């Protein structure tokens, strides 16, 4: 019984680590996590600082020695996730160019490309393209039309 | 089942139910994206013209409010759009932390593949508190702040975003000038601007 519980806990842990490694957060979730973890620190150290133009990130970076551990950790994770998703969304056309030509027959990094990649089994896509596509969030966050 | 287990189960169910209720009222990026597609029309008005219209309206019809001479754009009303409330510090263009999530949700929507390459106007509106000229400036700075946050950190393509501040020249509830519904950010899809090449380069769609 104890052993089963241990194995179960281990599986959960592996699952959690695996998910953290492979999935990027939606921008809404990323922002919400930052707010939840850093609420007090934002009020204390970055009040009135603008979110955009790198200013909030700059403020948090500038106070990293005094931030609460929870904010410190979440901040790094959230900004890394945002950067990874944004880079994947920006570069997917480039990273997947061979796959697009081979599998989709389109030359545009647009909605058609996403629809095409969604329709293909991940194993049939090159690993780099597949990883980038996962990072974009477009595999799971389906636009409903 | 022991009593404390029952309590726990009830508490958990309640907590889940509450979470669901809260989640339902939050801004949903699919909903925003869906509201921003559909009408594929181009707006012939430019952001610069809209800014000028607001300034001219104050000049042409001076007074404490624009009521009676509110700016209307029937052409824009027909376009796909979505209105959100973003909170700012009083008199400031700093987005309040409780609204970060909603700005993120807008970013998610604008990154939705169905909106790739479409031009989006970010239009800021204020209520009637403060002078009209001041409000045009304030709403412009706030619309700029939202545009900037969408670009960095949230990675939206700067080329598709334009920010405009209309002050209190387009009140939604003119009868109640200070009503919260007047303080809003309007996102308008102004038509396809770009297609993207395989290496992300922009070009005019064929």
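Being surrounded by fewer than 17 Cβ atoms within 10 Å (Cβ to Cβ), modelled with pLDDT of 95 or more, within 12 Å of chain B (Cβ to nearest Cβ) and within 30 Å of residue A:139 (Cβ to Cβ) is a condition met by no residue of the stretch A:17-27. The residue of the stretch A:64-83 that is farthest from the chain's Cα centre (by Cα), among those that are surrounded by 17 or more Cβ atoms within 10 Å (Cβ to Cβ) and farther than 18 Å from residue B:98 by Cβ, is A:67. Would it be correct to say that residue A:94 is within 11 Å of chain B (Cβ to nearest Cβ) and either on the phi < 0 side of the Ramachandran plot or at pLDDT 90 or above (or both)? The answer is yes for residue A:94. Quick check: is even one residue across the stretch A:85-101 closer than 18 Å to residue B:100 by Cα, surrounded by 21 or more Cβ atoms within 10 Å (Cβ to Cβ) and within 16 Å of the chain's Cα centre (by Cα)? Yes, some residue in the stretch A:85-101 is closer than 18 Å to residue B:100 by Cα, surrounded by 21 or more Cβ atoms within 10 Å (Cβ to Cβ) and within 16 Å of the chain's Cα centre (by Cα). Screening the stretch B:145-171 for residues that are in a loop (DSSP other than H, G, I, E, B) and more than 7 Å from every other protein chain (Cβ to nearest Cβ) and picking the one that is farthest from residue A:25 (Cα to Cα) gives B:169. Within the option set A:115, A:74, being assigned to a helix (DSSP H, G or I), at the interface with chain B (Cβ under 8 Å from one of its Cβ atoms) and out of contact with any strand residue (DSSP E or B) (no Cβ under 6 Å at 6 or more places or on another chain) holds for one residue only, A:115.
Would you check if there is a residue in the stretch B:119-130 being surrounded by fewer than 22 Cβ atoms within 10 Å (Cβ to Cβ), touching a strand residue (DSSP E or B) at 6+ places or on another chain (Cβ under 9 Å), at pLDDT below 95 and farther than 17 Å from residue A:51 by Cα? Yes, that holds for at least one residue.
The values are calculated or read from the model by the stated rules, or taken from the named source; none is laboratory data. This structure is a prediction, so every number in the text was calculated from the model and none was measured. Here the Cβ is made from the backbone with ideal geometry for all residues, glycine too, and neighbour counts use every protein chain on show.
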